[in-house]
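One structure below.
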Amino acid sequence: MENTDIIYGLHAVTESLNAGVVNKLYVEEKLRGKNVEKIKELAREKKVNISWTPKTELNKISENGVHQGFVARVAEFAYAELATILAQISNKEAATILILDELTDPHNLGSIARTADATGVDAIIIPKHRSVGITPIAVKASTGALQHVPVVRVTNLSQTLDKLKEAGFWTFGTDMDGTTYSKWNTSGKVALVIGNEGKGIGQNLKKQVDEMITIPMVGHVQSLNASVAASILMYEIFRNKM
């Protein structure tokens, strides 16, 4: 079981320091250079002590993650509440919420969060069960974006879709058959469901969404990586807002 209070890598540690959630900072004892100086300055500013630590120890703390010489122990990830998110965006004409249906790869979650931050997504929703949560790998893959994009954890995605519909959202899923994404009407409040890496969106959610969206492909592979598909569709929503 991964320690969810450990993060590592230059960007993730920098963003966590900026966000004020670092409890303890470990830096490789022999590390030199401008990145070390920046981290030292930021740690001084945020009043966080640096523990100068051998690389072998950092490897152990990060469970052999690619830490680049920077590891931090942070406050446990603060998941957002759906009610809070809906209250914050209730007066917005347009909003985007991403729902990840049983995504299991933390790299995909981190990559999706990175694009979500870049495209102004209001929140990401993940299920509590049979799904990846916010792990050190996901935080590193997001290059700090998970400090900026709210993540909501829910017990039931079907009930959550109902709540989003009540709040004025149009709900969409991704599938091989559906409306081509370039003809997709993304105006207003959009909730987009991205399916599991292997089996896609669950059948119940498929029946529940307002419309299925597809990304046309001419190659031999039948589907795109979940984070790539999510990125294309997030940028389509973003493009239509501009």
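The values are calculated or read from the model by the stated rules, or taken from the named source; none is laboratory data. Since we're looking at a predicted model, the values are computed, not measured. Because the Cβ atoms are built from the backbone with ideal geometry, glycine has one as well, and the counts that use them run over all protein chains shown. In case anyone asks, the SASA skips ligands and DNA or RNA and just uses the protein heavy atoms, side chains included. Shrake-Rupley method; radii C 1.70, N 1.55, O 1.52, S 1.80 Å.
Each residue in the range 56-77 was checked for being open to solvent by 70 Å² or more (accessible area, probe 1.4 Å) and free of Cβ contacts under 8 Å to residues at least 24 places away in the same chain, and 3 of them qualify.
Just to be sure I understand, how many residues within the range 1-45 are assigned to a helix (DSSP H, G or I) and aliphatic (A, V, I, L, M)? Give the steps one after another, and end with the answer.
Quick first cut of the range 1-45, residues assigned to a helix (DSSP H, G or I) only: 10-19, 34-45.
Now restrict to residues that are aliphatic (A, V, I, L, M): 10, 12-13, 17, 19, 36, 39, 42-43.
Number of matching residues: 9.
Of the strands (runs of 3 or more DSSP E) lying entirely inside the range 141-234, those containing at least 2 residues that are surrounded by fewer than 21 Cβ atoms within 10 Å (Cβ to Cβ) span 151-154, 169-180, 211-214. With respect to (1) in contact with a helix residue (DSSP H, G or I) (Cβ under 8 Å, 6 or more places away or on another chain); (2) aliphatic (A, V, I, L, M); (3) at pLDDT below 90, the lone exception for Leu25 is condition (3). Filtering Leu82, Leu86, Leu98 for residues that are buried (at least 23 other Cβ atoms within 10 Å of the Cβ), of a type outside the set (Lys, Arg) and touching a helix residue (DSSP H, G or I) at 6+ places or on another chain (Cβ under 9 Å) leaves a single hit, Leu98.
Scan Ile112, Ile137 and give me the residue that is touching a His at 6+ places or on another chain (Cβ under 8 Å), aliphatic (A, V, I, L, M) and over 16 Å from Val190 (Cα atoms). Write out each step before concluding.
On the way: Ile112 fails: touching a His at 6+ places or on another chain (Cβ under 8 Å).
From the options Ile112, Ile137, the qualifying one is Ile137.
Among residues of the range 121-134 that are more than 13 Å from Ala80 (Cβ to Cβ), those with a Cβ under 8 angstrom from a residue that is among the aromatic types (Phe, Trp, Tyr) and surrounded by 16 or more Cβ atoms within 10 Å (Cβ to Cβ), sequence gap 6+ or separate chain, pair up as Gly133/Phe77. Here Glu29, Glu45 are screened, and the one residue that is exposed (fewer than 13 other Cβ atoms within 10 Å of the Cβ) and more than 19 Å from the chain's Cα centre (by Cα) is Glu45.
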